[in-house]
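Q: Handing you a structure now.
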Amino acid sequence: MRKLLVVVDMQKDFVDGALGTKEAQAVIPAVVKKIGEYDGRDIFVTRDTHQTDYMTTQEGKNLPVEHCIEGSSGWQIDKTVQAALDSKKDADKITYVNKPTFGSVDLAAMIKELADKEDISVELIGVCTDICVVSNALLIKANMPEVRVCVDASCCAGVTPDKHEAALETMRSCQIAVI
């Protein structure tokens, strides 16, 4: 069985930038270790990607903190996480997915295409557990209900510790394994 890793939004703005938290900073070593367990061809990295008109969007009106503006320093993957990705012998095979909102329909479609050809499992890690991790986990599970989808809680951080735990419980309820 082929095992895929989805690294969700480990970007500067979510780690130590505009929306950064100490919890996100604390999971960096576990995220780096997890990346080391996978081949580059099996790693998908999402990037929350907004444009300069972010504050006029529905998300911007509900979360009025400009973040992850494409090309900005805050949009970049955290430097320690990026170094782990770049150090993979097959780093050129890592798939980067820019997503304009919480969950990526494109990511789910890419993974479904693989699932249609071979047996896979999918593990998600990253931030924020209660927004983008849960959104992507649910999209993947909804598109592939027979595929094992799991989330490594030690490699995720929520907006707050309570929201992290609530998101993990939501995923458990939807038959996403939490490890």
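Q: Given (1) within 16 Å of the chain's Cα centre (by Cα); (2) crowded, with 16+ Cβ neighbours inside 10 Å; (3) touching a residue at least 12 places away in the same chain (Cβ under 8 Å), where does Gly20 come up short, assuming only one miss?
A: The one condition Gly20 does not meet is (3).
Q: Looking at region 56-78, which of the residues that are touching a residue at least 40 places away in the same chain (Cβ under 8 Å) and part of a helix (DSSP H, G or I) is farthest from Val15 (Cα to Cα)?
A: Among those that are touching a residue at least 40 places away in the same chain (Cβ under 8 Å) and part of a helix (DSSP H, G or I), it is Glu59.
Q: Here is a check on your reading of the model: is Lys117 among the basic types (Lys, Arg), under 22 Å from Arg2 (Cβ atoms), out of contact with any Leu (no Cβ under 7 Å at 6 or more places or on another chain) and not in a helix (DSSP H, G or I)?
A: yes
Q: State whether one or more residues within region 120-138 are surrounded by fewer than 17 Cβ atoms within 10 Å (Cβ to Cβ) and either in contact (Cβ under 8 Å) with a residue 24 or more places away in the chain or within 12 Å of the chain's Cα centre (by Cα) (or both).
A: Scanning region 120-138 turns up at least one residue that is surrounded by fewer than 17 Cβ atoms within 10 Å (Cβ to Cβ) and either in contact (Cβ under 8 Å) with a residue 24 or more places away in the chain or within 12 Å of the chain's Cα centre (by Cα) (or both).
Q: Among what's in region 79-89 and is more than 21 Å from Val159 (Cα to Cα) and either basic (Lys, Arg) or not in a helix (DSSP H, G or I) (or both), pick the residue that is farthest from the chain's Cα centre (by Cα).
A: Only one residue fits best here, namely Lys89.
Q: Have a look at Val97, Val31, Val105 and point out the one that is β-branched (Val, Ile, Thr) and in contact (Cβ under 8 Å) with a residue 60 or more places away in the chain.
A: Val31
The numbers here are math on the coordinates, done by the rules we state, and not lab data. Values in this document were obtained by computation on a predicted structure and should not be read as measured data. Ideal geometry is used to build each Cβ from the backbone, glycine not excepted, and the neighbour counts take in all protein chains shown.
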